[in-house]
Amino acid sequence: MQRIDGKQLAQAIKEELAEQVRQRTQAGHRPPHLAAVLVGDDPPSQVYVRNKVRSCEQVGFQSTLLRKDAGISQEELMGIVRQLNEDDGVDGFIVQLPLPAHLNEEEITLAIDPRKDVDGFHPVNVGRMAQGLPAYLSATPAGILEMIRRYQIPTSGKEVVVVGRSNIVGTPISILLSRKADPGNATVTLCHSRTADLAAHTRRADIVVAATGRPGFITGEMVKEGVVIIDVGINRVEDASRKKGYRLVGDVDFEGVAPKASYITPVPGGVGPMTVVSLLLNTMKANTGAIYPK
Ligand code: BQF
């Protein structure tokens, strides 16, 4: 069993990015600039946005954090999105999800200029991704692809089972791994809460991508010997022995599954850091015009 060290990989990629920023600023370009809008005080969202801002600093990007009260109106938030769309000093921006319940996430996502949509959530980018056109890829699927690439895990002709069909992880990773590309060319099954006999599917899988949001959901008896496990879950479970009162666990029962796995991503330190670094990579692409030429 080999652990896939997402933290180490993310660090290596950040060092490459920092070098690229140095070279481009030497050559007279301004550094990439990411803006993030955080609405309200959802504790995990605050952690995620802080991770993103700190990561920008580490690689020499400019970052702007716009913090807004949980009570902000839809109209005011739409106004902020329009301003960021127009701001030539901002290469890309994100609106941290989830938003408070009174706000319409779909309308906000649709209002973001696809050329600045470094989260890759706008239907224009999703559609381009699905057709294999240049697009900003959703950060978690992009991070998973990069992990698979750098660990040289074969995907062509493999049986992949994705568990979870969200718009930001399950659905796009299933499209990406089935595309005619490398990594890709896999035979992908997308399982979800209505799948009959989930274990019958996961037991056949060469690669399992777990994105259910249920702590420890994938158990040892659900997988075959030699399986590759990509655990996307970031679940807070109560733990009185920790300073913060909780610890992070994945969607996979690590202790039960690891002995059967050839490769497995840990939580924390697996997919999570790769998600953040993918956002940086998208922001670099926004700055250079790699997806949408300027
Ligand atoms: C780690 C996210 C669910 C819903 C919205 C490093 C992150 C997490 C874990 C992080 C996530 C999860 C992010 C670790 C961003 C990943 O060391 O394991 C980094 O910051 N993430 C998000 O912005 O929105 C989410 C998960």
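The values are calculated or read from the model by the stated rules, or taken from the named source; none is laboratory data. Values in this document were obtained by computation on a predicted structure and should not be read as measured data. Note that each Cβ is placed from the backbone with ideal geometry, even for glycine, and that neighbours are counted across all protein chains shown. For accessibility, only protein heavy atoms count, side chains too; no ligands or nucleic acids. Shrake-Rupley method; radii C 1.70, N 1.55, O 1.52, S 1.80 Å.
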* Modelled label-to-label distance, Glu57 and Arg3, 7 Å Cα→beta-carbon offset: nm? -> 2.7
* Structure fact -> Compactness summary of region 55-106: radius of gyration and Dmax from Cα atoms, Å, are 12.6, 36
* Mean Cβ count within 10 Å, highest first, over the residues of peptides 67-73, 271-277, 211-217 -> 271-277, 211-217, 67-73
* In degrees, nearest 10, range 0 to 90: what is the angle between the Cα axis of helix 6-26 and the longest Cα principal axis of the chain? -> 30
* **Heavy-atom surface of the chain, accessible at 1.4 Å and reported per residue (Å²)** => 48
* In degrees between 0 and 90, to the nearest 10, how far off the longest principal axis of the chain does helix 43-59 point, with axes built from Cα atoms? -> 70
* To do: Taking the chain as the reference, fit the longest principal axis to its C-alpha atoms, fit the long axis of helix 139-150 to the helix C-alpha atoms, and give the angle between the two in degrees, 0 to 90, nearest 10.
  => 60
* Asked: For the chain, what is one quarter of the convex hull surface built on the Cα atoms, given in nm²?
  -> 15.6
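Considering only DSSP beta bridges with both partners in the chain, what is the antiparallel share in %, to the nearest 5? Working shown, then result.
Working: 4 of 35 bridges.
Taking every DSSP beta bridge with both residues in the chain, the antiparallel ones total about 10 percent.
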* Run the accessible area of the chain with a 1.4 Å probe and give the carbon-and-sulfur part as a rounded percent. => 49
